[in-house]
Every structure is written in structure tokens, then in C-alpha cells.
Amino acid sequence: MDRYAESVILPVIVSLQLQADERGISVVALQSMRELVANDEPEIAIDYLVNTMNSFGLTLKQDEHERLSVLAVRLQYADILTDIRPELIQS
């Protein structure tokens, strides 16, 4: 398991889950992301994360985006983050 990927992705998943809970919506994909991270599939987890954010309008804090960007570059998967709708990244 990639502990660095886990330390970056899991807090973002928690943040997205809190947003979903506050809105009273169920986002099953968040559990799938946890499982992907646990199974050492961080690239797929990031892909799910981007799609889930865009689909449900969940937001990402600027510092979370920056940490995800560093991880995505490390994984040679940075292009996927350009698919996040810009209004979903909070400054």
C-alpha cells in the first residue's frame, strides 16, 4: 500500500463524505475510493474522486487540491485533475 497516497486521498474522501452527509445525499463511490486506496490503486481512486466531485458538485479545498496535484504528478497521472470543474475548487 502506498502510504503517501493514502495520507493524501483518505482525508479528501472524509471531507467529501462530510459534504455529502450535510446535504443528505448518499455517495457510494466514496467507499469504493477507500477500497481502491487500500488495494494500492490510487490512480483509479483519483479518477473516481474527480468523477464523483463533478457528478455531485462536491468541493475541494485549495490545499487539498494542491496535495492531490503533488500526488498525481508523482503517479504520472496529473492530467486527470484538469477534469475537475473549476468552480468546485475553493480558494
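The values are calculated or read from the model by the stated rules, or taken from the named source; none is laboratory data. Quick caveat, the model's predicted, so the values are computed rather than measured. Virtual Cβ from ideal backbone geometry, glycine too; neighbours counted across all protein chains shown. Heavy atoms of the whole protein, side chains included, go into the accessibility calculation; ligands, DNA and RNA do not. Shrake-Rupley method; radii C 1.70, N 1.55, O 1.52, S 1.80 Å.
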What percent does the relative contact order of the chain come to when contacts are Cα pairs within less than 8 Å and at least six residues apart? 32
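Before anything else, pin down the relative contact order of region 32-82: Cα pairs under 8 Å, at least 6 apart, normalised by residue count, whole percent. Intermediate results must be reported in sequence, preceding the final value.
Working: 24 pairs, mean separation 16.4, N = 51.
32 percent.
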To the nearest 10 square angstrom, how much accessible area does V8 have with a 1.4 angstrom probe? 10
Given backbone amide H placed at 1.01 Å from N, residues whose amide H is under 5 Å from that of I89, ignoring those fewer than 5 places away on the same chain, are L60
Averaged per residue, what accessible area in Å² does the chain show with a 1.4 Å probe, protein chains only? 55
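For every helix of n ≥ 4 consecutive DSSP H residues, a contribution of -39,500 (n - 2.57) applies; sum these over the chain, divide by its total residues, and give [θ] at 222 nm rounded to the nearest 500 deg cm²/dmol.
Values: 4 runs with 59 residues, N = 91.
Calculated at 222 nm, the ellipticity per residue is -21000 deg cm²/dmol.
Residues with beta-carbon under 13 Å from that of L81, excluding L81: net charge, scoring Lys, Arg +1 and Asp, Glu -1? Could you put the intermediate results ahead of the total?
On the way: positive: R67, R74, R85; negative: E43, D47, E64, E66, D79, D83.
Net of charged neighbours comes to -3.
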Once both label points are put 7 Å beyond Cα along the C-beta direction, the Q31-R85 separation in nm becomes 2.6
Go ahead and collect, in residue order, the members of region 1-27 whose backbone nitrogen is under 14 Å from a label point 7 Å along the Cα-Cβ direction of D63. 8, 11-12, 15
Log10 I(q)/I(0) at q = 0.13, 0.16, 0.23, 0.29 Å⁻¹ for region 12-64, from Debye over equal alpha-carbon scatterers, is -0.27, -0.42, -0.85, -1.23
With bins 10 Å wide starting at 0, give me the P(r) of the chain over every alpha carbon pair, in whole percents. 17, 57, 24, 1
Percent of accessible area on the chain owned by carbon and sulfur, 1.4 Å probe? 51
Near I9, within a Cβ-to-Cβ distance under 13 Å, what is the net charge of the other residues, with Lys and Arg +1 and Asp and Glu -1? -4
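State which helices in the chain qualify, where a helix is a whole DSSP H run, it must extend 27 Å or more along its own axis by its Cα atoms, and its mean Kyte-Doolittle hydropathy must be at least 0.0. Please report the intermediate quantities before stating the final value.
Values: long enough: 3-23 (30 Å, 0.27).
Going by DSSP H runs, the hits are 3-23.
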